[in-house]
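Report on the structure given below.
Nothing in this text is a laboratory measurement; each read-out follows from the coordinates by a stated rule. If you're wondering where the values come from, they're calculated on a predicted model, not measured in any experiment. Neighbour counts run over all protein chains shown; Cβ positions are idealised from the backbone, glycine included.
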Amino acid sequence: MYGGGNTFEATKFDNLAKEDPIKLDEFEARIAGGEKIEPADWMPVLYRKQLIRMIEQHAHSEIIGALPEGTWITRAPGFKRKLALMAKVQDEVGHAQLLYSAAETLGKSREDMMQDLINGRSKYSNIFNYPALTWADSTIISWLVDAGAIVNQLANSKGSYGPYCRALERICVEESFHLKYGHHAVIHLATGSKIQRQMVQEALNRWWPPMMHFFGPPDRISVHTEVLMKWKVKMATNDECRQQFLDMYVPKIWELRLSVPDPNLQKNEETRQWEYTEPDWEEFKRVINGDGPCNKERLAVRRMAEERGRWVRKALLTPDAKYVTPLA
Amino acid sequence: MALDSLDPRIKRCNLQEQRTKDFNSQPLDQLPTYEVFIQLKETKAFEHAGIVHAATPDMAFLFAKEQFSRRYTCTGMWVVPSDRVWVTAFSDLEENIYDQIDEMPAQEAGPEEDYEVFHLIQRGKQHQHVGRVTANSHLQALQKAKVRFNAGKPILNVWLIKINDLQTTNLEDHVIWSTLHEKTHRDVISYRAGDKLKQFKEKQQPDG
């Protein structure tokens, strides 16, 4: 599970005055009462647009996120690790399928989503624009990036859109083994030889800054954010997610006698908040806009897969095939 | 310029850097969709699981098996093209959709056919199979379903599928799920590392 649905800029704030006030009231009452919204229900234009964007980007993150770890399948240390990593990568691709389907119920076809991904019009989680240089990098991804994603996704699974929540629930269940596998693999390295410890420490140093970027810049509190929170599209602020992640995983890193590459990282016992060096948000912006170490490769690989498979899909297509928006 | 990659499999593809934004998808390039229903145990009803994109029912079945039943026991699976599912409107919370049959437009009678009936009883949950009726139209199937299956909680939404449109598993197909219990590498329990961690921590604090 790779999150980051919250880390992207919001859709332009549409004027809600254009919406039918009676329907809007009913819609908001339904959400306030804890009910889910289903594809056939009336919904404000902004709700639909924002959800398509979020779910689509989440799906892209899963399918692109399979690439840095997939790099290590052929060279995993031993059969057990290879089996586990293969199963994990398969899960991530499956999660992309579930999420694309949830987005499709809102009326955007999978063709359009693929096109927007490959042409760079639609983003994915920025962390996958960095390379997995060693096996230890792949174990850090499995452990910490998945951990970060779980924080994000557990929050979102309590949201208001039925198909997205159902996809996330399924994803969270499948995900449980990734985190355990990742932790197991990191413990193995961290309790191993000097060289193994060094390897995992260096990987942690490389992945810490993108991990701090992972939850996105601090939210600007705007009317827009308030509306999305009221509609249960956005379930927690970026900073809340980041704090929760630090709370759960920094102690686990420290107990392995690994260090976090941030001398200012500490928990303020009075405020019960973690204090840290503010990540470099200029770098975040630069990379998300295309200038990261792996952006070009990630999109080129996706494009190759789509283009080389196209004739097969075309040959299989029956003349009576017809596209309808899937049901739920 | 060819892209360099850490992945030897990608490096061998000799990919060129993409300089244009000219990728175009054709309609149906990602194939049409099929709705998938899963039965987790023999004693349980089939339940809607989600969709797959596929060219044929056989292909949909293979993808659905990977997508929805690679982790847990499964005793049956149905797939149907999305456009072959007949769907009622959604009723409001306290209302029963079966109470609105009289307001639905009349349908021409066709040949008698069997229909599988699915109910949604809670928003946010998925449709469950409740049984089968024989009828000469969707509306008649709905009327018969009202008599046979309408009991208890209000039904929010009904799906009807002609059984000829459903691709189903039979008993011999169950062998495809028989290796599931051997695949423990997907279980959390296979990754216990508590002892190792404890030993490590003890070694770090020899006097503690």
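Amide H of residue B:50: which non-local residues (sequence gap of 5 or more, or other chain) have their own amide H closer than 5 Å, using H built in the peptide plane?
It is B:36, by chain and number.
Dipole magnitude of region B:29-174 about its Cα centre, charges +1 at Lys/Arg Cβ and -1 at Asp/Glu Cβ only, in debye to the nearest 20? Present the calculation step by step, with values, prior to reporting the outcome.
Details: 14 positive and 21 negative charges, 124 e Å.
The calculation lands at about 600 debye.
Treating only the Cβ of Lys, Arg, Asp and Glu as charged (+1, +1, -1, -1), what charge dipole size does chain A show about its Cα centre? Round to the nearest 20 debye.
1120
So how far apart, in nm, are the two label points at residue B:163 and residue A:278 if each is 7 Å from Cα heading toward Cβ?
With each label point 7 Å from Cα toward Cβ, the separation is 6.8 nm.
For chain A, which longest stretch is free of loop sites, where a loop site is one of the GluC sites (Glu not before Pro) that DSSP puts outside H, G, I, E and B and that has at most 11 other Cβ atoms within 10 Å?
Longest stretch, sites excluded: A:10-268.
If you restrict to DSSP beta bridges whose two residues both lie in the protein assembly as shown, what percentage is antiparallel, to the nearest 5?
Once the DSSP bridges in the protein assembly as shown are tallied, antiparallel ones form about 95 percent.
Just counting partner chain Cβ atoms within 10 Å, what average do the residues of peptide A:250-260 show around their Cβ?
1
If you count, for every residue in A:230-243, the Cβ atoms of partner chains within 10 Å of its Cβ, what is the mean?
For peptide A:230-243, the averaged partner shielding equals 0.
Set Lys and Arg Cβ to +1 and Asp and Glu Cβ to -1, take the dipole of region A:5-316 about its Cα centre, and tell me which of A:290, A:231, A:190 lies farthest positive.
So the residue furthest toward the plus end is A:190.
Using r as the Cβ-Cβ distance of residue A:176 and residue B:107, and R0 as 51 Å, what FRET efficiency do you calculate, to the nearest 0.05?
FRET efficiency, residue A:176 to residue B:107: 0.60.
Could you tell me the calculated FRET efficiency between residue A:198 and residue B:66, based on Cβ-Cβ distance and R0 = 51 angstrom, to the nearest 0.05?
Efficiency, from the Cβ-Cβ distance: 0.85.
Using Cα pairs under 8 angstrom and six or more residues apart, how large is the relative contact order of region A:5-316, in percent?
Once normalised by length, the contact order is 21 percent.
Per residue of A:302-315, how many C-beta atoms from partner chains lie within 10 Å of its own C-beta, taken as a mean? Could you put the intermediate results ahead of the total?
Working: counts 2, 4, 5, 1, 4, 1, 1, 1, 3, 0, 1, 8, 5, 1.
Per residue, the number of nearby Cβ atoms from other chains is 3 on average.
Amide H to amide H under 5 Å from residue B:169: which residues, 5+ apart in sequence or cross-chain, H placed 1.01 Å off N in plane?
B:77
Taking Cα pairs under 8 Å and at least six residues apart, what relative contact order does chain B come out at, in percent?
Across chain B, relative contact order equals 19 percent.
Show me B:1-7, B:63-69 ranked by packing, highest mean number of other Cβ atoms within 10 Å first.
B:63-69, B:1-7
Among the aspartates and glutamates, select those whose C-alpha is under 17 Å from the C-alpha of residue B:198, and discard any that sit fewer than 8 residues away in the same chain.
By straight Cα distance, residue B:198 reaches A:255, B:207.
Using Cα positions and a limit of under 21 Å, work out the lysines in reach of residue A:267, with same-chain residues fewer than 8 apart set aside.
Of all the lysines, those that pass the test against residue A:267 - Cα under 21 Å, at least 8 places apart if same chain - are A:252.
When the helices in chain A are scored as -39500 (n - 2.57) per DSSP H run of 4 or longer and the sum is shared across all residues, what 222 nm value do you end up with, to the nearest 500 deg cm²/dmol?
When only DSSP H runs of four or more count, the value is -20000 deg cm²/dmol.
Taking the alpha-carbon centroid of each part, what is the distance from region A:61-76 to region A:128-183 in angstrom?
Here the answer is 14 Å between Cα centres.
Identify the trypsin sites (Lys or Arg not before Pro) of region A:94-148 meeting these criteria: DSSP loop state and at most 13 other C-beta atoms within 10 Å of the C-beta.
Details: sites: A:108, A:110, A:121, A:123; in loops: A:108, A:121, A:123.
In loop regions of region A:94-148 (DSSP not H, G, I, E or B), the sparsely surrounded trypsin sites (Lys or Arg not before Pro) are A:121.
Using just the Cα positions, wrap the protein assembly as shown in a convex hull and report its mean projected area in square nanometres, one decimal place.
Value for the protein assembly as shown: 28.9 nm².
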